[in-house]
1. Give me the base-10 log of I(q)/I(0) for segment A:7-48 at each q in 0.23, 0.34 Å⁻¹, Debye formula, one uniform scatterer per Cα, rounded to two decimals.
2. Pull out the extension gain between residue A:102 and residue A:70, defined as 0.36 nm times the separation in residues minus the alpha carbon to alpha carbon distance; nm, one decimal.
3. Rounded, prolate or oblate for chain A? Axes are the square roots of the Cα gyration tensor eigenvalues, ordered a ≥ b ≥ c, and the cut-off for rounded is a/c under 1.5.
4. Using only the alpha-carbon atoms of segment A:201-246 as identical scatterers, what base-10 log of I(q)/I(0) does the Debye formula give at q = 0.15, 0.21, 0.25 Å⁻¹?
5. Divide by every residue of chain A the summed helix terms, -39500 (n - 2.57) for each DSSP H run of at least 4, and state the resulting mean residue ellipticity at 222 nm, rounded to the nearest 500 deg cm²/dmol.
6. Rounded to the nearest 0.05, what FRET efficiency do residue A:288 and residue A:185 have when you use their Cβ-Cβ distance and R0 = 30 Å?
7. Using the number of other C-beta atoms within 10 angstrom as an exposure proxy, rank A:268, A:155 with the fewest first.
8. What FRET efficiency would be calculated for the residue pair residue A:27, residue A:168, taking the C-beta separation as r and a Förster radius of 25 Å, to the nearest 0.05?
Amino acid sequence: MKIGYPCVNEAMDCSAASTFRLASYSEERLVAAVAANLACLRRLLEWNVSQGLYFFRMGSGIVPFGSHEINAYPWQTHFGPEFRALGEYIKQQELRVSFHPDQFVVLNSPDPGIVRRSIDELVYQGSMLDLMGLDGTAKLQIHVGGLYGDRELALSRFAAVHAALPAAVRARVVVENDDRLFSLRDCLHLHERTGVPILFDNFHHECLHHGEPMAGALRLAAATWHPVADGVPMMDYSSQAPAERRGKHTPSLVEELFRNFVTELHGLDFDIMFEIKDKEASALRALAVLRELSLAGPAPTGPVPPLALPPGAGASAKAKGAKALKAP
DNA sequence: GTGTGTCAAGCAGAG
DNA sequence: CTCTGCTTGACACAC
């Protein structure tokens, strides 16, 4: 069981998503941004390892405009060694990584242009995992897409596009049950038709379900992952923010709810991503809970990389020193 | 420096 | 019709 958080470390003084406006695109800016993002990503992963957080969702913005036609620069070859080195570190430390392409990736859109751009984005993000030399257990997590007034038709379009994906992308794509449109049951139908693994989101399941108890739902989702080709099933964990709109993620881990949730696993192994507002802070608290229950290994004893670079170091990192010093 | 409108991209539902 | 939320944060320009 690996524990992680998505994209951003709130205490770190660098961002792995530095970018710029499309209007100010230049190859110089692109190269500078990618170099800074990869350097920050390395520091992030090292910090995660030092804390025992072995699961991480990388952000979509490592290569700005990575699937946009304006970006004709051969970043794959220019940064090949950097991607390879990151992949070596990930494999050596036995980290699990993934991407979650954003809401613009809609494989079941009736608009062929949207489908094409969606596939381009999956190819871009998948190619980063390929460049890292990672196997099919490093996943691309997406939602089914839109409803367009006809659930069956919408699912059929997803299945058709999925079958036509480049094989390297299809091997990585997993679908997540969402909180309003496509439930675990819908995803299970898709799995039967396409073989796509289901990334289970416990909170979305609480928002949208057909009466399946949590323990059974976890078992059903886990069974859609091939133990070797797909690896340990991934899941997203969150809970309802108190006194907020239904479906809003909690600002911080509610340990009692998480303890209750863990009892529903009944020994099932999952790699768990904590989609919680305060990011690594809640992931660390969850890890502590799991250690109490002997479900996670002991705390690492190695050196802890600094959250902030020393003055003068790291010219590529933006001057954001104040962020690392901000009050809790 | 600090404040703030806006940023490549889609969809559904609330107000 | 417009605004919001979704993993959201960060750029860019005004002051």
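A short reminder: the numbers here are calculations on the coordinates, not readings from a lab. Bear in mind that the values here come from a model prediction, so they are computed numbers and not experimental data. We place every Cβ from the backbone using ideal geometry, glycine too, and count neighbours over all the protein chains shown.
1. -0.73, -1.16
2. Values: separation 32, 0.36 × 32 = 11.52 nm, distance 1.93 nm.
Between residue A:102 and residue A:70, full extension yields 9.6 nm more.
3. Numbers: a/c = 1.66, a/b = 1.12, b/c = 1.48.
In terms of gyration-tensor shape, oblate.
4. Listed by q, the Debye log ratios stand at -0.47, -0.77, -0.95.
5. Numbers: 12 runs with 132 residues, N = 328.
About -12000 deg cm²/dmol.
6. Details: r = 34 Å, r/R0 = 1.14.
Computed FRET efficiency for residue A:288 and residue A:185: 0.30.
7. Working: A:268 16, A:155 21.
Lowest count first: A:268, A:155.
8. On the way: r = 26 Å, r/R0 = 1.05.
Once rounded, the FRET efficiency stands at 0.45.
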